[in-house]
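Asker: Right, I'll just put the structure down here and ask away after.
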């Protein structure tokens, strides 16, 4: 039986742990001492069919020093970049580097340009042991965020659940292939859940997508989080956003994949991407979810990522005129 340590028990942590446990993994969570909710079964509300999944059988620890007491085949880190790179996160990263076994592999579920390089340097772990990963379902805590859900739901069950989530495709998790053996082994383990799969994509493609996504969310916040149908693709702001996204995507750091992706981005195709995602995310209202998640929960992370993109462009000698102009508009709106 594979053993997995999940750092963090928020939306990504619990949803990932649930799928891994169904896959037959022995799951342990590392949480802060005040996170006492794990002492009872977790209730996960699946929005696709309005059923509640009772998640039990996991273990949890609250002291990073306890990591060395057990062997873990994988560690999945689900902290946002601001938390991971905080004083507490630095201590945790160093503890992981010192405590995990020599065969333990890491899935870094922390979005951010340069985050993996930072993690490798801080932890001291070898590059071939660390792959990037992301949750592909939309998940949120209904007790904290009362988001709009279209259609018929069991409101009482939803409001009493610890997490609610929705499948948008056959894949509910994704890893990049920057550490091929890590990606291969983890995806094979995850796929054993029999419900949904773990997608493996090229590292450059992964980076080009996840390094740049805050650009569109910055514009959506400027617009007051409108419905996607209300966005005018011919507006100056949307044209500026499209140009900024192209600039960031085609940075040298994103390689050939980034340049190919950038060549396909137009004002119309960009909007269609979000309209498609909106439809796939039903019954959850994606505008509500994005306002909660990207407009609040990880806003600090997104703003820092925006800054790093500009910094990388300057290092590469790129102008990034559109990106800098959009960033200035965001700063002026604060």
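The values are calculated or read from the model by the stated rules, or taken from the named source; none is laboratory data. Values in this document were obtained by computation on a predicted structure and should not be read as measured data. Every residue, glycine among them, receives a Cβ derived from its backbone with ideal geometry; neighbour counts consider all protein chains shown.
The rows are residues; the columns are (1) within 22 Å of the chain's Cα centre (by Cα); (2) surrounded by fewer than 15 Cβ atoms within 10 Å (Cβ to Cβ); (3) outside the structural domain of residue 279 (by TED's automatic domain parsing); (4) assigned to a strand (DSSP E or B).
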| residue | (1), (2), (3), (4) |
| --- | --- |
| 17 | yes, no, yes, no |
| 21 | yes, no, yes, no |
| 24 | no, yes, yes, no |
| 27 | yes, no, yes, yes |
| 32 | yes, yes, yes, no |
| 45 | yes, no, yes, yes |
| 48 | yes, yes, yes, no |
| 54 | no, yes, yes, yes |
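Asker: Out of contact with any helix residue (DSSP H, G or I) (no Cβ under 6 Å at 6 or more places or on another chain), surrounded by fewer than 18 Cβ atoms within 10 Å (Cβ to Cβ) and not assigned by TED's automatic domain parsing to the domain that holds residue 289, is that true of residue 126? Please lay out each step first, then the result.
Answerer: On the way: out of contact with any helix residue (DSSP H, G or I) (no Cβ under 6 Å at 6 or more places or on another chain): yes; surrounded by fewer than 18 Cβ atoms within 10 Å (Cβ to Cβ): yes; not assigned by TED's automatic domain parsing to the domain that holds residue 289: yes.
So residue 126 passes the test.
Asker: State whether the residues of the stretch 97-106 include one that is touching a strand residue (DSSP E or B) at 6+ places or on another chain (Cβ under 8 Å), within 30 Å of residue 280 (Cα to Cα) and either assigned to a loop (DSSP other than H, G, I, E, B) or modelled with pLDDT of 95 or more (or both). Reasoning before the result, please.
Answerer: Filtering the stretch 97-106 for residues touching a strand residue (DSSP E or B) at 6+ places or on another chain (Cβ under 8 Å) gives 100, 104-106.
Right, trim to within 30 Å of residue 280 (Cα to Cα) and you get 106.
If we keep only those that are either assigned to a loop (DSSP other than H, G, I, E, B) or modelled with pLDDT of 95 or more (or both) as well, we get 106.
Yes, that holds for at least one residue.
Asker: I would also like to ask the following. Here are some conditions: (1) crowded, with 19+ Cβ neighbours inside 10 Å; (2) within 15 Å of the chain's Cα centre (by Cα). Residue 204 meets all but one. Which one does it not meet?
Answerer: Residue 204 satisfies all of (1) crowded, with 19+ Cβ neighbours inside 10 Å; (2) within 15 Å of the chain's Cα centre (by Cα) except (2).
Asker: Just to confirm my filter: which helices (runs of 4 or more DSSP H) fall fully inside the stretch 151-258 and include at least 3 residues that are within 30 Å of residue 325 (Cβ to Cβ)? Can you show your working first?
Answerer: On the way: elements: 155-159, 180-191, 203-210, 214-222, 236-249.
Result: 203-210, 214-222, 236-249.
Asker: Of the residues in the stretch 247-275, how many are surrounded by 20 or more Cβ atoms within 10 Å (Cβ to Cβ) and touching a residue at least 60 places away in the same chain (Cβ under 8 Å)?
Answerer: Residues flagged as surrounded by 20 or more Cβ atoms within 10 Å (Cβ to Cβ) and touching a residue at least 60 places away in the same chain (Cβ under 8 Å) within the stretch 247-275 amount to 3.
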